[in-house]
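So the structure is just underneath, and the comments pick up after that.
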Amino acid sequence: MLTAIHDPKLMWFFGGVLCLLVILTAIGRGLKRRHNSNISRSTIDNFNAQIAAWWKMCVVFALSLALGRIGSLVLFGILSFLALREYLTLVPTRRGDHRTLFWSFFVIMPLQYCVLGLHWYIVFAIMIPVLACIFIPTSIAVAGDTAHFLERAAKIQFGLMVCGYCLSHAPALLQLKIPGFEGHDARLLLYLGIVDQTNDLLQYVWGKLIGKNKIAWRVSPDKTWEGFLGGLVSATALGTLLWWATPFTPLQSAGMSFTICILGFAGGVVMSAIKRDIGIKDFGGVIERRGGILDRIDSLCFAAPIFFHLVRFYFAPWL
Amino acid sequence: MNEGIHPIASLLAAVARGITGVQVQWAGCEPDERQRIYFANHTSHLDFVVLWSALPSEIRARARPIAAKDYWEETSVRHYLAENVFKAVLVDRGTTAKSKSHDEAKFVGRSMIEDLTAALGERNSLILFPEGTRGNGEKVGEFRGGLYHLGLRRPDVELVPAYLENMNRILPKGEYLPVPMLSLLTFGKPIQVEPHENKDGFLERAREAVSSLRRIGPA
């Protein structure tokens, strides 16, 4: 599917992202060198870390374009696998969950991506919410340990839902057959990624610049109303301006990016609450070098399925 | 003893690292070629391979695991792995000695220390799991006496505590299929047997040195 390269709008879009990244990287470097006292060192490091993660995501995206449909499934499958690994490493499970976990990693997760590749849409849609939801408690019950039974089943199910099911809706965008938009689906994926990640970054930046009133301060000290609204408005504005790359009108594009931003925020808050619950600051904090994937994609995990269904419902109703 | 690393050992180490994604932290000392006894908590068959693979290759070539004779001589595959691949020092862990008389048990214990001292020699390091058996990962079990006697015998050898995290969740006792969770390995500050320190006091201190290195989960 190297046809993506012959899609000039996609190339403009992606090229624009890369230019933006070069500029942001330069800003980050500059801030680091001429460190002024208004912005703390850790804020700058955090900003730079996010930019570095963007570069990696761009590489992943470019690779998934180059490798085509199957390639992007494999890439997102690996991402899901790594995210689930990170989640389950830090969320306590018991000895009796061992086989269930084995099935989750090596059967349920790969199957989710296989049925997506095979276009078995119904199976794709029910695999984890229905089939795994029945399989997991059954398998834990058969293993025989009933202590904290419900809690354990819920933990594993939630991990599969977020890291597997939700995230797999991002590459599923590539399979929507939108009339008049055939072969351009990659732009939708890029659109989702850009709006979502920009929202993350801008929420952080606005929060640091003018943030005062905390939202859910018990959960995340970094999240403020100013940051939330600032990020929401500016990322929605950016999303609106990107309407030309999508099948949406500018107004529809505004609605879509608004939804992505709200869901991105929801993903961030929920994951923060989980982190507080298990007593860590970041998923990446404890498991330094290999961690941090979940910290970056938590917002994407929540935004992807809803965005997918909105697009499917309004633009490709017969899938 | 042959100085080279067996190719199967390198292969298994690479596989174990891949599955466990182990992240190594030298918190209390640096990797060093001097003679050491690394002692760690024990919850999984992967423990030794992971700990061993975490050592730099110069050190790895001369680090030998101490393994239970009764278990590792049971089948020919296990025996081959222990003897030829990892050049393990096989010892009688005393589960069999329990049924014997007191004197006999003492004799077995003494000959084990002899074997271990001989295995250390002038250049080798040892990897030891003083609990003597795989635990469930919740708490570090009581240590057996070998570490104390070795420490007395060879005060020049550093005793380095290490904590392996999550290994019991990756491949617990009794399972044969691993779940690829991430593990952490932390090396702590070397300890030694203090003058006039009794055996139980030292062993408790050593156990504490290992369990204090835990990074996630209940402290």
The strands (runs of 3 or more DSSP E) lying wholly within segment B:5-88 that contain at least 1 residues that are of a type in the set (Gly, Ala, Ser), more than 14 Å from chain A (Cβ to nearest Cβ) and closer than 24 Å to residue B:177 by Cα are B:36-40, B:63-68
Problem set entry | Any chance residue A:157 is at pLDDT 95 or above, buried (at least 22 other Cβ atoms within 10 Å of the Cβ) and either part of a helix (DSSP H, G or I) or not aliphatic (A, V, I, L, M) (or both) | no
Apart from one, (1) in contact with a helix residue (DSSP H, G or I) (Cβ under 7 Å, 6 or more places away or on another chain); (2) within 14 Å of chain A (Cβ to nearest Cβ); (3) free of Cβ contacts under 8 Å to residues at least 24 places away in the same chain; (4) within 21 Å of residue B:68 (Cβ to Cβ) all hold for residue B:172; the odd one out is (3)
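Evaluate the following for residue A:138: is it at pLDDT 95 or above and of a type in the set (Ser, Thr, Tyr)? Outline the logic, then answer.
Details: at pLDDT 95 or above: yes; of a type in the set (Ser, Thr, Tyr): yes.
Yes; evaluated as a whole, the condition is true for this residue.
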With criteria (1) within 14 Å of another protein chain (Cβ to nearest Cβ); (2) surrounded by 15 or more Cβ atoms within 10 Å (Cβ to Cβ); (3) more than 30 Å from residue A:147 (Cα to Cα); (4) among the hydrophobic types (A, V, I, L, M, F, W, C), residue A:31 comes up short on (1)
The one condition residue A:127 fails out of (1) farther than 26 Å from residue A:270 by Cα; (2) in a helix (DSSP H, G or I); (3) not β-branched (Val, Ile, Thr) is (1)
Flagged pairs (Cβ under 8 angstrom, 6 or more apart or on separate chains; first in segment A:112-132, on the phi > 0 side of the Ramachandran plot; second surrounded by 14 or more Cβ atoms within 10 Å (Cβ to Cβ)) are A:119/A:175
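Just to be sure before I move on: is residue B:137 within 14 Å of chain A (Cβ to nearest Cβ) and under 16 Å from the mean Cα position of the chain (by Cα) in the structure I sent? Lay out the reasoning, then the answer.
On the way: within 14 Å of chain A (Cβ to nearest Cβ): yes; under 16 Å from the mean Cα position of the chain (by Cα): yes.
Criteria met by residue B:137.
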Note on segment B:147-169: residues out of contact with any strand residue (DSSP E or B) (no Cβ under 7 Å at 6 or more places or on another chain) and more than 9 Å from chain A (Cβ to nearest Cβ) are B:148, B:149, B:152, B:153, B:154, B:155, B:156, B:167
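Does at least one position in segment B:109-129 carry a residue that is charged (D, E, K, R) and either within 14 Å of another protein chain (Cβ to nearest Cβ) or in contact with a helix residue (DSSP H, G or I) (Cβ under 7 Å, 6 or more places away or on another chain) (or both)? Talk me through it step by step, then tell me what you get.
Within segment B:109-129, the first condition is being charged (D, E, K, R), and the residues that meet it are B:110, B:114-115, B:122-123.
With the extra rule that they be either within 14 Å of another protein chain (Cβ to nearest Cβ) or in contact with a helix residue (DSSP H, G or I) (Cβ under 7 Å, 6 or more places away or on another chain) (or both), the set shrinks to none.
The answer is no; no qualifying residue exists.
So is residue A:59 more than 30 Å from residue A:26 (Cβ to Cβ), free of Cβ contacts under 8 Å to residues at least 12 places away in the same chain and exposed (fewer than 15 other Cβ atoms within 10 Å of the Cβ) or not? If you could, list the steps in order and put the result at the bottom.
Values: more than 30 Å from residue A:26 (Cβ to Cβ): no; free of Cβ contacts under 8 Å to residues at least 12 places away in the same chain: yes; exposed (fewer than 15 other Cβ atoms within 10 Å of the Cβ): yes.
The answer is no for residue A:59.
Restricted to segment A:86-95, and to residues that are part of a helix (DSSP H, G or I) and farther than 17 Å from residue A:132 by Cα, which residue is farthest from the other protein chains (Cβ to nearest Cβ)?
By that ranking, first place goes to A:87.
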Q | Some residue of segment A:7-18 being part of a loop (DSSP other than H, G, I, E, B) and either closer than 26 Å to residue A:118 by Cβ or among the aromatic types (Phe, Trp, Tyr) (or both) | A | yes
Among helices (runs of 4 or more DSSP H) entirely within segment B:98-215, at least 2 residues that are basic (Lys, Arg), under 29 Å from residue A:280 (Cα atoms) and modelled with pLDDT of 90 or more occur in B:199-211
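Out of segment B:57-88, which residues are closer than 22 Å to residue B:160 by Cβ and not hydrophobic (A, V, I, L, M, F, W, C)? Outline the logic, then answer.
So the first thing to find is which residues in segment B:57-88 are closer than 22 Å to residue B:160 by Cβ, and the list is B:57-68, B:86-88.
Once the filter is applied, which keeps residues that are closer than 22 Å to residue B:160 by Cβ and not hydrophobic (A, V, I, L, M, F, W, C), segment B:57-88 yields B:57, B:58, B:60, B:62, B:64, B:65, B:87.
With the structure loaded, tell me whether residue A:141 is touching a helix residue (DSSP H, G or I) at 6+ places or on another chain (Cβ under 8 Å), among the aliphatic types (A, V, I, L, M) and either on the phi < 0 side of the Ramachandran plot or assigned to a helix (DSSP H, G or I) (or both) or whether it fails that test. Give the steps one after another, and end with the answer.
Values: touching a helix residue (DSSP H, G or I) at 6+ places or on another chain (Cβ under 8 Å): yes; among the aliphatic types (A, V, I, L, M): yes; either on the phi < 0 side of the Ramachandran plot or assigned to a helix (DSSP H, G or I) (or both): yes.
Yes.
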Here the residues within segment B:123-146 that are closer than 29 Å to residue B:61 by Cβ and of a type in the set (Asp, Glu) are B:131
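I need the full set of residues from segment A:203-213 which are charged (D, E, K, R) and within 24 Å of the chain's Cα centre (by Cα), in order please.
Keep residues of segment A:203-213 that are charged (D, E, K, R), which gives A:208, A:212.
Within segment A:203-213, A:208 is the sole residue that qualifies.
Right, residue A:119: of a type outside the set (Ser, Thr, Tyr), exposed (fewer than 15 other Cβ atoms within 10 Å of the Cβ) and more than 20 Å from residue A:298 (Cβ to Cβ) or not?
Values: of a type outside the set (Ser, Thr, Tyr): yes; exposed (fewer than 15 other Cβ atoms within 10 Å of the Cβ): yes; more than 20 Å from residue A:298 (Cβ to Cβ): yes.
Judged against the criteria, residue A:119 is a match.
Out of A:294, A:300, A:238, A:310, I need the residue that is at pLDDT 85 or above, over 30 Å from residue A:121 (Cβ atoms) and either under 17 Å from the mean Cα position of the chain (by Cα) or away from chain B (no Cβ under 14 Å) (or both). Which one?
None of the other options fit; the residue is A:238.
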How many residues of segment B:146-186 are of a type in the set (A, V, I, L, M, F, W, C) and under 25 Å from residue B:118 (Cα atoms)? The answer is 7
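I'd like the full set of residues that are under 20 Å from residue A:70 (Cβ atoms) and either surrounded by 24 or more Cβ atoms within 10 Å (Cβ to Cβ) or of a type in the set (A, V, I, L, M) (or both), limited to segment A:170-186.
Applying the first criterion (under 20 Å from residue A:70 (Cβ atoms)) to segment A:170-186 yields A:170-177, A:182-186.
Hits for segment A:170-186 are A:170, A:171, A:172, A:173, A:174, A:176, A:185, A:186.
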Apart from one, (1) within 14 Å of another protein chain (Cβ to nearest Cβ); (2) without any contact (Cβ under 8 Å) to a residue 60 or more places away in the chain; (3) touching a Gly at 6+ places or on another chain (Cβ under 9 Å) all hold for residue B:202; the odd one out is (1)
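The values are calculated or read from the model by the stated rules, or taken from the named source; none is laboratory data. In this text, all values refer to a predicted model and were calculated from it rather than measured experimentally. Positions of Cβ are generated from backbone atoms using ideal geometry, with glycine treated the same way; all protein chains shown enter the neighbour counts.
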